[in-house]
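Take a look at the structure set out below.
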Amino acid sequence: MDKQKRHMAIKQVIADQTITTQDELAHALRRHGFRITQATLSRDMKELGVAWVYTPAGSRYMLHTESEEHRLKSMIGLEVDSITSNEGLIVVKTLPGRAQGVAELIDGLHHPAILGTLAGDNTIFVAPKSQRKTPDVLALIRKMMTTAQ
């Protein structure tokens, strides 16, 4: 099975179960049909940003959200086909099914010049706070997409 599916399975197992050792994670992955060596598992965990976290309920492995956000941002530029605008609205075209994820990252900027986004399947409308802010928001989004690659 390919690496992307294995990474998705690792994230799912860590989100659904309390995993305290790499051996527990390897066993859980075997139950999902993945045969994995300890070296590969360790490398995958590092790539995904899986961290050993101390919680009130005890220590466990968790996906480090900052690492996941950075990984998503690094792929986001690949999902955008075009960015255009008129005087008061910015339209971002994405690959099919990717608009909501890209819009979530734009919303996550919490930029004061962005009023909000509206996403369909492959199109995002970005509403600047005012028409005067449209060029600034357009530049911000273009920079976000080009520096992400």
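For the stretch 1-28, name all the residues that are among the aliphatic types (A, V, I, L, M), part of a helix (DSSP H, G or I) and under 19 Å from Arg60 (Cβ atoms).
Within the stretch 1-28, Ala9, Ile10, Val13, Ile14, Ala15, Leu25, Ala26, Ala28 meet the criteria.
Would you pick out the residues in the stretch 100-119 that are closer than 22 Å to Glu87 by Cβ and either out of contact with any strand residue (DSSP E or B) (no Cβ under 8 Å at 6 or more places or on another chain) or buried (at least 17 other Cβ atoms within 10 Å of the Cβ) (or both)?
Scanning the stretch 100-119 gives Ala103, Ile106, Leu109, His111, Pro112, Ile114, Thr117, Ala119.
Under the condition of being surrounded by fewer than 16 Cβ atoms within 10 Å (Cβ to Cβ) and at negative phi, which residue from the stretch 52-63 is modelled with the lowest pLDDT?
Thr55
Restricting attention to the stretch 88-145, which residues are assigned to a helix (DSSP H, G or I) and either touching a Cys at 6+ places or on another chain (Cβ under 7 Å) or aliphatic (A, V, I, L, M) (or both)?
Filtering the stretch 88-145 for residues assigned to a helix (DSSP H, G or I) gives 99-108, 131-145.
If the condition is that a residue be assigned to a helix (DSSP H, G or I) and either touching a Cys at 6+ places or on another chain (Cβ under 7 Å) or aliphatic (A, V, I, L, M) (or both), then Ala99, Val102, Ala103, Leu105, Ile106, Val137, Leu138, Ala139, Leu140, Ile141, Met144, Met145 are the ones that fit.
So in the stretch 29-61, with the set limited to residues that are in contact with a helix residue (DSSP H, G or I) (Cβ under 9 Å, 6 or more places away or on another chain) and assigned to a strand (DSSP E or B), which one is nearest to Ile14 (Cα to Cα)?
This residue is Tyr61.
The values are calculated or read from the model by the stated rules, or taken from the named source; none is laboratory data. Model, not experiment: these values are computed from the prediction. Reconstructed Cβ throughout: ideal geometry from the backbone, glycine too, with neighbour counts over all protein chains shown.
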